[in-house]
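Colleague: The structure under discussion is supplied below as structure tokens; questions concerning it will follow.
The values are calculated or read from the model by the stated rules, or taken from the named source; none is laboratory data. Here the structure is a predicted model, which means the values were calculated and not measured. Neighbour counts run over all protein chains shown; Cβ positions are idealised from the backbone, glycine included.
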Amino acid sequence: MRIEPGISFFSKKMNNNSIHGIPYPEGCFIRFLKNTLTKREGTFNKDDSIKSVLHKKEVTIQNEASDYQKSLFQEILDIPDIWIYLHGSRADNTSTSFSDYDDLIIVDTAKLTRSRRCTLASKLIRVDRRFTRLDPLQHHGHWLISKQSLENYNASYIPLSVLNTAVRIQGPKTIRYKVDIQRTKYGMHQNIESMCKNIQSLHYLYNNNRINIFKLKGLVGSFVLMPAFIFQYLGDDVDKKTGILRARELFGTNALMCLKWSTEHRYSWDRIMELTVDQLYLSVLMRAVRNPHLYRKIVNRIAPSIDIRKIALPKLDPLHVNSFIEESLSYIK
């Protein structure tokens, strides 16, 4: 789960989180068609004063995808020059009803003609739509990078260590790349700041009993992602699950209560959905809005509201949230 950096149909400027010319992770299809293809990309606005320091790395994907996991990507399996991996809990069989679908798609942009770009964009949207139907509260689209970016990779977008427990849908088992250490640290700094602001705004809605189910999932997911962000900023390349297990190295007792609260909500998500959400409402909305990016923008605003007083789980203490934010920000000061 991440803060969604997608490109709105109504935005005036393109978010830097994109391969130039491919709609990731959400994308405006019209804007995509107008863009020319380049080999350079950025995860955040680059500061020219930051000098590149490259470290060679590699990751090996040990597990092969099942037939069902491959079927999730059936539309893009016939497209050459793209590598496809499924990571996270949907890959290592630890998923719950809270879990979303996390992929990593690597595209050789040098071999991607305009015609192939159009085909790939269209089919990526269809795969994304499938994910949204399987999880109507899926917060993000595809994780997409270019093969060329592996020569100077900004890991603040997505650390490739997530592939340690991934399954291979299509592509090589071993990926070699060079991490740009300075730009990655700069990007992780931005990630931590943005996540803290996200937690603060969502907790305000929660504390005033004005949060909807889509935003509640975002609040839960923001807490559990933060430890990995901080470890990565400190130079320890860990995934989300490892970050949670090692969170005591980062946080005090009060802040850790936010992670405990998140864990309880993740494992009780079925019950929360049954108590608070009209599934038919989401199903109708999902079929009415076929573009998955636009669907997420809409459901973020008009998802069913919930009454946190009816959820038989511990409530989130503002003192714990403030401690979590303060301690998170202390690592980047």
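Colleague: Take the residues in region 83-112 that are outside any loop (DSSP other than H, G, I, E, B) and over 17 Å from the mean Cα position of the chain (by Cα), then tell me which one is modelled with the highest pLDDT.
Modeller: For region 83-112, the residue satisfying everything is TRP83.
Colleague: If you take the residues in region 245-291 that are β-branched (Val, Ile, Thr) and under 21 Å from LEU319 (Cβ atoms), which one is surrounded by the fewest Cβ atoms within 10 Å (Cβ to Cβ)?
Modeller: The selected residue is THR253.
Colleague: Checking ASN207 against (1) outside the structural domain of ALA91 (by TED's automatic domain parsing); (2) crowded, with 16+ Cβ neighbours inside 10 Å; (3) modelled with pLDDT of 95 or more, which test does it fail?
Modeller: (2)
Colleague: Quick check on my filter: what residues within region 247-270 are closer than 19 Å to LEU329 by Cβ and either touching a Pro at 6+ places or on another chain (Cβ under 8 Å) or among the basic types (Lys, Arg) (or both)?
Modeller: Scanning region 247-270 gives ALA247, ARG248, LEU250, PHE251, LEU259.
Colleague: A further question follows. Check region 157-166 and report whether any residue there is of a type in the set (Phe, Trp, Tyr) and assigned to a strand (DSSP E or B).
Modeller: Within region 157-166 (the criterion being of a type in the set (Phe, Trp, Tyr) and assigned to a strand (DSSP E or B)), the answer is no, since none of the residues qualifies.
Colleague: Please work out if ILE192 is closer than 19 Å to LYS310 by Cβ and out of contact with any strand residue (DSSP E or B) (no Cβ under 7 Å at 6 or more places or on another chain).
Modeller: No, not satisfied.
Colleague: Between VAL127, VAL162, which is free of Cβ contacts under 8 Å to residues at least 60 places away in the same chain, under 17 Å from the mean Cα position of the chain (by Cα), farther than 30 Å from ASP307 by Cα and not assigned by TED's automatic domain parsing to the domain that holds ASP236?
Modeller: Answer to the check: VAL127.
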